[in-house]
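To keep things clear, I will list the structure first and then write my remarks on it.
The values are calculated or read from the model by the stated rules, or taken from the named source; none is laboratory data. Computed from a predicted structure; not experimentally measured. Note that we place each Cβ from the backbone using ideal geometry, even for glycine, and neighbour counts take in every protein chain shown.
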Amino acid sequence: MNLKPLKWLFLLTFSFSCFSGSISKPGWVEKTPRDNLHWYGKSQLYKPLPENYYKTARQRAEIEIASQISVEVQSSLINVLTGNNENIDRFSQSIIKSRVEKTILPNVEYDDWEDEDTFNLLGKVKRKTYYDRLDREMAGVLNTAQSYLKSAQKQFDVNSFVSLGNAWKTIEPFIDRDKIGFNQTIKENLESYLKRVVVEPSVNSIKTKVFQNNRPIQVTCFDRVTKQPIKNIPIAVTLNKNNDLQQISTDGEGKAFYTLPKIKDKSINQYVTFTVDIFSLIDSSASLLAIKNPIHSTLQLEMNTATAKLISEEKIFGKKLEEEMITPALKDLLTTQLGMTFKDDGDTDYSIKLSINTSKSTEGKNEYGFFVAFADLALSIIDNNTNLEILSTNITQIKGAHFNSYELAGKEAIKIISEKYLSKTVQKMIDEI
């Protein structure tokens with residue numbers, strides 16, 4: 001019996017079984033592995049495969065790995081940045097983004113498998129390899145950060161804040177690996193230095209009125225310990241806790257000047273606060289340290305009542321109105337919104353001029369049987385101290401109509417101005433000052 005055909009059949013069967021075993025579907029295709037030694041990321045692409053499919057698959061797997069690492073970074077940040085969870089999620093994403101190219105991608109190991117329908121890729125990163133590399137980098141940047149800290153402590157001036165800011169920026173990308181609490185050292189030094197800064201206005205209070213031009217206020221900045229002036233300190237100035245901050249900066253003698261804007265609020269209890277603008281000296285990301293920045297001084301505003309004389313001329317088709325329609329409403333608005341008081345005689349802070357008149361559109365009724373008229377208003381406010389017009393506005397061609405007469409149509413147009421336009425116009429004028 002010739003055994004050669006059986007021999008070849010056996011060899012083919014054996015080879016096929018080995019080949020089939022080598023391409024069998026690995027377990028990770030169906031279920032992503034999980035263990036304490038690695039992070040895993042998986043991606044699957046359906047055929048026909050796109051151009052650069054391997055790169056696409058890698059990117060998807062890497063995003064999945066980065067997402068898992070981000071969760072651990074966020075957990076570490078909550079522990080490291082004691083008592084401050086604000087913006088930690090956003091910050092952790094920023095840290096991961098900065099690490100993808102340098103720390104994560106070089107350490108990813110890949111495995112792939114495909115069948116007739118799909119291409120599958122598994123990426124994994126060894127936790128120990130990743131953290132060992134981070135800790136080596138952290139050791140290097142920590143030396144640099146400590147050098148900045150020594151520089152900050154060498155002599156107290158504006159550069160002390162800048163050096164502490166540099167120390168923070170140096171360790172910021174590795175803050176989740178801050179095992180010695182160096183970020184707290186930075187925070188404590190910043191808060192200690194902020195307490196040393198004294199910001200002192202030349203006066204404790206200032207008398208003013210709405211719309212009044214105010215003189216510059218001198219602010220002096222010095223070291224609480226040495227009593228020496230501090231130059232180039234940025235100071236944030238806030239009026240009534242308004243979000244619109246102004247910034248002034250001290251000169252070589254530790255002096256700065258602040259000019260109070262025109263006040264538009266009649267409230268009695270108003271004040272100005274002066275605070276060291278720390279985040280113009282250090283990166284805003286240091287807000288994660290929850291630095292306690294005290295208000296360094298407060299200036300009280302003593303609001304005096306502004307007086308005004310209202311000169312009004314209300315006409316209808318050139319003739320004086322027997323009963324004014326706009327003037328009472330205007331007085332009420334300015335009294336309510338600005339606290340103005342009105343005087344007919346004597347000196348006043350402001351002169352307010354109002355004129356209103358009407359005109360006809362056509363002679364006789366229109367095609368609908370109405371008399372139609374248009375009203376125009378002009379309003380201006382003059383500062384009697386400077387004799388300058390501080391604001392003015394016009395409302396023109398407001399239409400009024402009535403069945404009975406042009407006079408009633410004109411009064412209707414004036415009424416529309418009073419009820420629909422006057423309040424908005426006055427508010428717009430106030431806002432533009």
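Residues of the stretch 170-214 that are aliphatic (A, V, I, L, M), assigned to a helix (DSSP H, G or I) and at pLDDT 90 or above: Ile171, Ile186, Leu190, Leu194. In the set (1) free of Cβ contacts under 8 Å to residues at least 40 places away in the same chain; (2) over 23 Å from Asn159 (Cα atoms); (3) among the acidic types (Asp, Glu), Glu188 fails one condition alone, (2). Scanning the stretch 285-296 for residues that are surrounded by fewer than 18 Cβ atoms within 10 Å (Cβ to Cβ) and not β-branched (Val, Ile, Thr) turns up Ser285, Ser287, Ala290, Lys292, Asn293, Pro294. Before we move on, is Tyr148 more than 26 Å from Asn52 (Cβ to Cβ), surrounded by 16 or more Cβ atoms within 10 Å (Cβ to Cβ), of a type in the set (Ser, Thr, Tyr) and modelled with pLDDT under 95? Considered against the rule, which asks whether it is more than 26 Å from Asn52 (Cβ to Cβ), surrounded by 16 or more Cβ atoms within 10 Å (Cβ to Cβ), of a type in the set (Ser, Thr, Tyr) and modelled with pLDDT under 95, Tyr148 comes out as no.
So which of Val237, Val197 is surrounded by 13 or more Cβ atoms within 10 Å (Cβ to Cβ), free of Cβ contacts under 8 Å to residues at least 40 places away in the same chain and farther than 23 Å from Tyr350 by Cβ? Write out each step before concluding.
On the way: Val197 fails: free of Cβ contacts under 8 Å to residues at least 40 places away in the same chain.
From the options Val237, Val197, the qualifying one is Val237.
Does Gly123 meet the test of being surrounded by 15 or more Cβ atoms within 10 Å (Cβ to Cβ), small (Gly, Ala, Ser) and closer than 18 Å to Lys102 by Cα? Considered against the rule, which asks whether it is surrounded by 15 or more Cβ atoms within 10 Å (Cβ to Cβ), small (Gly, Ala, Ser) and closer than 18 Å to Lys102 by Cα, Gly123 comes out as yes.
Name the residue that is nearest to Lys97 (Cα to Cα), counting only residues in the stretch 172-186 that are of a type in the set (Val, Ile, Thr) and surrounded by 21 or more Cβ atoms within 10 Å (Cβ to Cβ). Even if it seems obvious, please write down each step before you answer.
Just the residues of the stretch 172-186 that are of a type in the set (Val, Ile, Thr), to begin with: 175, 180, 185-186.
Next, only the ones that are surrounded by 21 or more Cβ atoms within 10 Å (Cβ to Cβ) stay: 175, 186.
Details: Ile175: 14, Ile186: 24 Å.
Here the residue is Ile175.
Within the stretch 81-93, identify whether any single residue is among the small types (Gly, Ala, Ser) and closer than 27 Å to Ser287 by Cα, and answer yes or no.
Start the filter on the stretch 81-93 by keeping residues that are among the small types (Gly, Ala, Ser), which leaves 83, 92.
Then keep just the ones that are closer than 27 Å to Ser287 by Cα; that gives 83, 92.
Scanning the stretch 81-93, I find at least one residue that is among the small types (Gly, Ala, Ser) and closer than 27 Å to Ser287 by Cα, so the answer is yes.
Considering the stretch 335-392, the residues that are assigned to a loop (DSSP other than H, G, I, E, B) and of a type in the set (Gly, Ala, Ser) include one that is modelled with the highest pLDDT, namely Gly369. Can you find, within the stretch 24-75, the residue that is surrounded by the most Cβ atoms within 10 Å (Cβ to Cβ) among those that are small (Gly, Ala, Ser) and over 36 Å from the mean Cα position of the chain (by Cα)? Per the stated criteria, the residue is Ala57. What are the pairs, 6+ residues apart or on separate chains, where a residue within the stretch 47-58 that is in the same structural domain as Asp112 (by TED's automatic domain parsing) and under 10 Å from Leu121 (Cα atoms) has its Cβ under 7 Å from a residue that is surrounded by 12 or more Cβ atoms within 10 Å (Cβ to Cβ) and among the polar types (S, T, N, Q)? Sorted first by the residue in the stretch 47-58, then by its partner, the pairs are Ala57/Ser43.
Filter the stretch 214-232 down to the residues that are of a type in the set (S, T, N, Q) and within 19 Å of Gln247 (Cα to Cα), then identify the one that is surrounded by the fewest Cβ atoms within 10 Å (Cβ to Cβ).
Let us first name the residues in the stretch 214-232 that are of a type in the set (S, T, N, Q), namely 214, 218, 220, 226, 228, 232.
Then keep just the ones that are within 19 Å of Gln247 (Cα to Cα); that gives 214, 218, 220, 232.
Details: Asn214: 16, Gln218: 13, Thr220: 17, Asn232: 15.
Only one residue tops the list, namely Gln218.
Only one entry of Leu333, Leu391 meets the criterion of being closer than 23 Å to Glu432 by Cα and out of contact with any strand residue (DSSP E or B) (no Cβ under 7 Å at 6 or more places or on another chain), and that entry is Leu333. Taken together, the criteria exclude Arg215 from residues that are more than 23 Å from Asn385 (Cα to Cα) and in contact (Cβ under 8 Å) with a residue 24 or more places away in the chain.
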